[in-house]
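Below you'll find the structure, written out as structure tokens, and then a few comments.
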Amino acid sequence: MLKKENRLKKESSFQWVFRRSKPVFFDNLVFRVVPAKKTATGPVSDLSRFGLVISAKTEKSAVRRNAIRRYLYSLIKEFLPSIREGIDVVVVIKKSFTLPLNSDEIRRRFRRGGELAGIFRTTRQ
């Protein structure tokens, strides 16, 4: 599971990202990325924070919604070393993934969508 400091937890944090970002669509994922806002105690954090949104309209079963959420959080944890610091990201799942969950396909979609949204560090040659 992704650490608490790397997760968006409050409704106000989600709303802040939604108001200040433009959506980047890829397959059934929508990425919304903004620079992290200053905290009340000090400057912008170097941590990247993530939130996931899966509507009950998208996936009726709470068990499946939570399974998808857990899997995507584990993907984010895996990709965290290659993700830029100081950004807030909300990932919205627009259509449910097909059963059974094909982890390689979900990983490929997440990686490609994240690249289009610019959440990964650029490699300099």
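The values are calculated or read from the model by the stated rules, or taken from the named source; none is laboratory data. Keep in mind it's a predicted model, so treat the numbers as computed, not measured. Note: ideal-geometry Cβ built from the backbone for every residue, glycine included; neighbour counts use all protein chains shown.
State which residue is farthest from the chain's Cα centre (by Cα) when the search covers only region 95-120 and only residues that are in a loop (DSSP other than H, G, I, E, B) and at pLDDT 90 or above.
Among them, the one singled out is GLY118.
Name the residues in region 53-83 that are surrounded by fewer than 16 Cβ atoms within 10 Å (Cβ to Cβ) and assigned to a loop (DSSP other than H, G, I, E, B), would you?
SER55, ALA56, LYS57, LYS60, SER61
Take region 77-121 and flag every residue that is touching a residue at least 40 places away in the same chain (Cβ under 8 Å), β-branched (Val, Ile, Thr) and more than 18 Å from PRO35 (Cβ to Cβ).
Across region 77-121, the qualifying residues are VAL92, ILE93.
Take the conditions within 23 Å of ARG121 (Cα to Cα), in contact (Cβ under 8 Å) with a residue 60 or more places away in the chain and of a type outside the set (Val, Ile, Thr) and apply them to ARG20. Does it pass?
For ARG20, the condition - within 23 Å of ARG121 (Cα to Cα), in contact (Cβ under 8 Å) with a residue 60 or more places away in the chain and of a type outside the set (Val, Ile, Thr) - is not met.
Can you tell me which residue in region 1-22 is nearest to PRO81 (Cα to Cα), limited to those that are in contact with a Phe, Trp or Tyr (Cβ under 7 Å, 6 or more places away or on another chain) and at pLDDT 90 or above? It would help to see each step written out before you state the result.
In the first step, residues of region 1-22 are kept if they are in contact with a Phe, Trp or Tyr (Cβ under 7 Å, 6 or more places away or on another chain); the result is 1-2, 6-8.
Next cut, at pLDDT 90 or above only: 6-8.
Numbers: ASN6: 12, ARG7: 15, LEU8: 18 Å.
So, considering only residues that are in contact with a Phe, Trp or Tyr (Cβ under 7 Å, 6 or more places away or on another chain) and at pLDDT 90 or above, the one nearest to PRO81 (Cα to Cα) is ASN6.
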